1. With respect to B:I474, is the statement that it is away from chain A (no Cβ under 14 Å), closer than 30 Å to B:F392 by Cβ and crowded, with 18+ Cβ neighbours inside 10 Å true?
2. Restricting to the stretch B:386-418, name every residue that is farther than 22 Å from B:I478 by Cβ and either within 10 Å of another protein chain (Cβ to nearest Cβ) or at pLDDT 90 or above (or both).
3. Do we find that A:S47 is within 19 Å of the chain's Cα centre (by Cα) and assigned to a loop (DSSP other than H, G, I, E, B) in this structure?
4. Let me spell it out: the conditions are (1) more than 29 Å from B:L198 (Cβ to Cβ); (2) out of contact with any helix residue (DSSP H, G or I) (no Cβ under 8 Å at 6 or more places or on another chain); (3) polar (S, T, N, Q), and B:N295 meets all of them except one. Which number is the exception?
5. Which of the residues that make up the stretch B:136-175 are open to solvent by 10 Å² or more (accessible area, probe 1.4 Å) and of a type in the set (K, R)?
6. For the stretch B:41-59, check the following and say yes or no: at least one residue is farther than 29 Å from B:G397 by Cβ and touching a Ser or Thr at 6+ places or on another chain (Cβ under 7 Å).
7. Would you call B:S81 in a helix (DSSP H, G or I), in contact with a helix residue (DSSP H, G or I) (Cβ under 8 Å, 6 or more places away or on another chain) and more than 14 Å from chain A (Cβ to nearest Cβ)?
Amino acid sequence: MWKRLSVFLVFLVAILFAFTGCGDKKDPKTLKLGFVPLIDGDKLIESTAPLADVLSKAIGKKVEIVTATNYVGIVEGISASKIDFGIIPPFAYVLANKESNAQVILKAKNKKGQSFYRSEFFVNKDSGIKSVEDLKGKKVAFVDPSSSSGYLYPGAFLKKNGIDLEKDIQVVYSGGHDKSLQLLLNKDVDAIAVYEGAREKYQKEFDGIMEQTEVLCYSDNIPYISVTVRGDMTPELKEKIKEGLLKGLNGEDGKKLTIELFSLYGFEEAQDSDYEGIRTTAELMNIDLRK
Amino acid sequence: MISLEAYMKSKRKENLKYFLIISISILILAYLIDTNIFIFIKGIPDMMNLLFRMIHPDLTYNETLMTALLETIEMSILGSSLGLFFSIPFIFVTAENIAPSRLLASLLNKFFSIIRTIPSLIWAAVLVSIFSIGKFSGTIALTIIGFLISQKLLRERIEEIKENELNSIEAVGANKIQIMYYSVIPNISKHVIAIFFLILESNIRSATILGFVGAGGIGQLMWTHLNHLKYNILATIIFILFFIIFIIDFLSLCMRRDIKIKLFQIKTLTTFKIVKILKKIVLFFIVYIFLKTINDYFSISFQRLIIGIIQGKNIFIRMLHPNFLYIPKMMSGIFESLYIALFATIISSILCLILSYFTACNSSKSKITSIFFKIFSNILRTFPPMIVAIIFFRGLGPGKFAGAMALIVYTTGSMTKIYSEIIENVNPNIEDSIKSTGATNVSVYCYALLKETFPSFIGVALYRLESNIRNSTILGIIGAGGIGTLLNMNIIWRNWENVGMMILVIGLMIGSIDTISRKIRMRMK
């Protein structure tokens with residue numbers, strides 16, 4: 001039995017050796033683009049293949065798009081040079097920058113041409129809550145302690161306005177922007193904080209949400225999606241990717257695709273300082289993101 | 001009449017046939033998921049880097065952790081016991097060898113196997129609709145999960161009871177209920193304990209669903225720290241979880257092996273009667289505490305419940321109108337998931353057979369080896385799959401290969417646990433009879449324990465295959481594609497028609513795996 005098993009294992013290893021083929025990290029033939037679909041976005045991405053074609057043409061190297069549902073994998077991939085560049089949320093950029101000196105090269109613009117978005121606080125119209133002060137003693141639903149637009153920014157906003165999250169209000173986490181809206185509609189909570197546009201996105205699902213609820217206030221501006229390259233990339237390649245992306249994504253085909261796929265309306269150059277807001281906000285919420 | 005030599009020859013031929021079939025399927029699957037050993041070797045330093053960052057547990061971090069942990073344990077105990085409790089009546093109706101009606105049994109089994117494909121995110125959406133968020137929803141979610149696991153595993157244990165055992169009891173004139181009482185219940189009571197602890201453990205370990213229904217818990221805490229890349233705090237949580245799971249494992253072993261602390265000896269009939277009454281009183285109090293805690297969790301009004309039920313119903317109605325136009329878009333995802341799951345399950349099964357030999361305390365050479373391997377398989381299991389996935393992502397880059405490796409680690413751990421416990425429950429007579437011929441430990445394992453429990457092993461392997469196909473989170477996080485990513489995104493977007501379609505297809509696939517599983521197990525018996 002053991003003899004047979006060991007033969008089997010040797011065979012197995014031999015099989016695994018059979019498939020080979022390696023890449024070069026300095027000047028790779030194919031570039032890997034990591035992409036994290038935004039839960040706060042309003043389109044569900046079904047195929048990234050056309051975008052890969054546009055980018056391959058613009059950069060002059062073959063681009064492979066990897067879609068991951070969470071940014072942690074992409075951040076680790078970037079820091080281990082397994083991913084060359086990523087279209088990732090701002091919080092993920094700051095983490096990648098802290099961990100492996102990854103550099104932001106571009107930031108995206110939304111429909112209004114702004115490179116930021118916000119969170120909204122909603123209340124029921126008949127709740128009698130008219131100002132941030134009125135939230136004291138009320139039940140407020142956030143999305144999830146790790147969500148930027150569903151917790152960090154709105155939480156920091158309340159803190160800045162003199163509301164202690166632990167003492168003044170009762171905090172609950174709903175587990176999803178859609179669920180927060182539902183809780184408010186069912187009057188399980190008094191107020192919620194979700195990304196701007198969530199109510200419009202789910203209005204078909206939750207009957208009467210547009211009539212029953214109203215905006216209380218907005219959080220500070222949250223920097224928008226970043227294009228981040230790995231920290232150990234040569235400046236030439238970085239420049240090449242940057243030029244290529246600007247050309248490709250702002251060009252006619254590229255723009256049409258990014259609008260259709262991600263609701264992103266063009267890209268512009270970005271510096272690290274554009275994302276400083278994330279660091280200060282996180283600091284206020286007791287998360288250390290500085291190097 | 002064939003000679004012994006000819007028999008052995010034909011036997012060897014048959015073995016060779018199986019060996020080749022398995023090898024070739026591994027080869028094909030390895031090709032389909034882009035296996036590459038050089039990338040693996042090259043990636044080792046990158047993987048070690050992440051592990052080293054986890055080595056420094058932050059033991060000062062404990063207050064929030066302890067609250068979350070206690071909440072999780074509380075809800076898990078409640079959910080697991082309720083789930084197991086509610087599943088027991090269904091087991092007697094669904095186990096095909098003792099069910100009153102075979103047709104009903106197979107219909108119910110089909111139904112449950114479709115229900116099992118419903119991902120926890122959908123349960124979360126429905127429960128939030130009906131019961132709002134909080135601990136009550138959390139407990140119900142865990143109850144549902146526990147119910148579905150125990151229905152499947154216990155039913156399979158019953159179906160493995162030898163037919164002549166049932167017949168022999170029937171032959172002395174026992175009716176159906178007496179058969180249950182004297183044959184089925186004693187046979188599965190040890191498995192019930194093992195399965196209870198299994199559910200409890202998996203509920204505690206992967207209580208991510210509690211986060212989805214706003215019940216907090218340790219899963220949400222882990223997720224938050226993972227999202228902030230605080231690996232040292234993650235390591236702390238994993239370390240504590242590991243400790244708890246080890247205790248649970250030990251309890252499970254003690255209870256199955258009847259190692260009881262004898263507080264008082266029962267010598268006379270009166271003490272026997274008193275103990276019996278005391279047992280009833282204790283049971284009553286436990287049930288009372290259970291009901292009271294659940295009642296405390298429940299905090300919404302009747303009107304709110306009605307609104308919720310209507311909303312929950314809408315989700316189901318929309319899922320029952322599947323969007324057939326979605327089929328072409330999901331097919332590639334389904335195949336990817338299937339290849340990855342098949343590859344991971346086959347490799348893990350082989351690893352599990354080897355590990356179980358060392359792990360089960362009746363086949364292992366010594367108690368110390370057994371304990372060592374128990375710890376090892378616990379480590380494999382306690383590492384949250386998403387973290388294993390990220391480690392492999394870091395080392396191997398994105399793709400199916402990393403996904404399969406991550407699944408292998410977890411699957412091997414949990415299969416070894418379930419299977420080694422099945423081996424431990426084998427009647428010692430079987431072992432002894434082979435031992436008495438002078439066989440070595442290894443031969444006892446191969447020819448007695450393995451042979452005796454092989455149908456269960458196939459069952460366990462197919463169960464893991466099923467859950468690997470469904471396993472969405474791991475593959476989605478590391479960009480390995482698969483049906484899970486699509487499913488998750490569609491649930492978040494609340495496209496219930498697409499979700500319904502996907503569940504239908506996955507359900508059909510898993511339903512057929514279930515049928516194959518039953519066929520194989522029946523034939524092997």
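1. So B:I474 fails the test.
2. B:T416
3. Yes; evaluated as a whole, the condition is true for this residue.
4. Among (1) more than 29 Å from B:L198 (Cβ to Cβ); (2) out of contact with any helix residue (DSSP H, G or I) (no Cβ under 8 Å at 6 or more places or on another chain); (3) polar (S, T, N, Q), B:N295 violates only (1).
5. Across the stretch B:136-175, the qualifying residues are B:R157, B:K162.
6. Yes.
7. Judged against the criteria, B:S81 is a match.
Residue by residue, here is whether (1) within 14 Å of chain B (Cβ to nearest Cβ); (2) acidic (D, E); (3) in contact with a strand residue (DSSP E or B) (Cβ under 6 Å, 6 or more places away or on another chain) holds:
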| site | (1), (2), (3) |
| --- | --- |
| A:L249 | no, no, yes |
| A:G254 | no, no, no |
| A:Y275 | no, no, yes |
| A:L289 | yes, no, no |
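The values are calculated or read from the model by the stated rules, or taken from the named source; none is laboratory data. Everything numeric in this text was worked out from a predicted model, so none of it was measured. With ideal geometry, Cβ positions are generated from the backbone for all residues, glycine too; neighbour counts draw on all protein chains shown. Heads up: the accessible areas ignore ligands, DNA and RNA and are worked out on the full protein's heavy atoms, side chains in. Shrake-Rupley method; radii C 1.70, N 1.55, O 1.52, S 1.80 Å.
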